1. List the residues, sorted by chain then number, that are 5 or more residues from Leu88 or on another chain and whose placed amide H is less than 5 Å from its amide H.
2. Per the Cauchy relation, a quarter of the hull surface: what is the mean projected area of the convex hull of the alpha carbons in the stretch 209-274, in nm²?
3. Residue farthest toward the positive end of the dipole of the stretch 175-257, with Cβ of Lys/Arg at +1 and Asp/Glu at -1: which of Leu221, Ala246, Leu195?
4. When the helix-only estimate is applied to the chain (DSSP H runs of n ≥ 4, each -39,500 (n - 2.57), divided by the residue count), what is the mean residue ellipticity at 222 nm, nearest 500 deg cm²/dmol?
5. Please work out the ratio of the alpha-carbon Rg of the stretch 1-53 to 2.2 N^0.38 Å and round it to two decimals.
6. Can you grab the distance from the C-alpha centre of the stretch 162-186 to the C-alpha centre of the stretch 228-262, Å, no decimals?
7. Nothing charged except the Cβ atoms of Lys and Arg (+1) and of Asp and Glu (-1): what's the magnitude of the dipole of the stretch 117-233 about its Cα centre? Round to the nearest 20 debye.
8. Starting from the Kirkwood radius over alpha-carbon pairs of the stretch 142-219, derive D by Stokes-Einstein at 25 °C in a medium of 0.890 mPa s and give it in µm² s⁻¹.
Amino acid sequence: MNYALKDLGKKVYEITVTVPWPEVEETYQEMLEETVRNAEISGFRKGKAPKELVEKNSNSKAFYEEVLGTLVRKTYPEIVKEKNLHPLVLSRIEILKNEEKSDWVYKITICEAPEVDLGTYKEEIGKLSAKDKIWVPGKDKEEPKEEDKNKKLSESLAKMLEVVKIELSDLIVEDEMSKLLSELLEEIKKLGLTLDQYLLSTKKTPETLKAQYREKALNSLKLEFALAKIADSENINVTPEELEKAIKDVEDEKLKEQLKKSSYQLASLLRRQKTLDFIAGL
């Protein structure tokens with residue numbers, strides 16, 4: 001296997017991979033042997049049909065696509081490890097050449113987490129909060145209400161996003177936007193509506209909906225990457241004891257078991273909340 005790595009900027013990389021035909025043929029034969037072992041063809045016991053007959057009865061185009069998928073799953077991790085890449089998004093695989101008896105060439109485009117410059121977010125949030133910290137003689141300081149706390153946090157996050165600088169690639173934004181739109185389509189389906197009916201009822205066009213969700217994706221990504229950077233810079237982590245307590249406090253036994261199996265995701269959520277608490281306290 002040979003490959004060429006090209007930096008496209010904004011943490012996006014294009015990898016062109018060339019797999020020699022002997023390696024393609026070896027993978028093809030290995031997969032064909034597996035297919036033969038599981039083949040059920042009339043007149044033969046399972047796994048006893050001749051290889052040539054199984055190969056003839058197979059959809060060659062579909063089979064070669066499976067071979068390509070196997071090669072990608074094999075070569076991609078090797079490249080990522082060798083180049084010390086940390087991809088967030090494997091956005092697309094483009095086949096450049098996959099002819100029989102010749103080397104196969106395909107291109108992979110990936111995206112890493114963007115660089116985050118937090119700037120003077122602490123100072124700016126501090127200025128925003130200064131008025132709440134002024135003591136007026138003769139007036140007892142009241143404990144802020146929950147709605148006031150939420151309002152202050154929202155204002156602090158908005159100010160933070162004004163200050164923080166993040167260069168997001170189109171690839172990662174498009175990926176997040178697709179996820180958000182998929183979630184929207186699921187919600188629309190649950191309401192018993194079609195997309196056209198939803199657009200008509202909300203007086204939106206496909207273009208305005210896409211623009212709205214692109215903006216939503218941008219803000220969501222910027223917030224998440226900024227929070228992750230703050231957590232790293234402030235050494236905000238979740239201890240095993242905190243994780244254990246969070247699971248223990250759940251009363252629903254079924255949910256508790258699910259959380260035990262997905263403790264990594266739970267730890268991420270707890271870390272995010274601790275970061276939000278840190279920002280709220282600035």
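1. Excluding prolines and chain starts, which carry no amide H, the hits are Cys111, Glu112, Ala113.
2. Orientation-averaged projected area of the Cα hull: 5.9 nm².
3. Result: Leu195, furthest along the dipole toward the positive end.
4. Details: 11 runs with 169 residues, N = 282.
Value at 222 nm, helices only, nearest 500: -19500 deg cm²/dmol.
5. 1.91
6. 26 Å
7. Values: 22 positive and 25 negative charges, 81 e Å.
With only Lys, Arg, Asp and Glu charged at Cβ, the dipole is about 380 debye.
8. The Stokes-Einstein estimate is 162 µm²/s.
A short reminder: the numbers here are calculations on the coordinates, not readings from a lab. Keep in mind that this is a model prediction, so the values were computed, not measured. Virtual Cβ from ideal backbone geometry, glycine too; neighbours counted across all protein chains shown.
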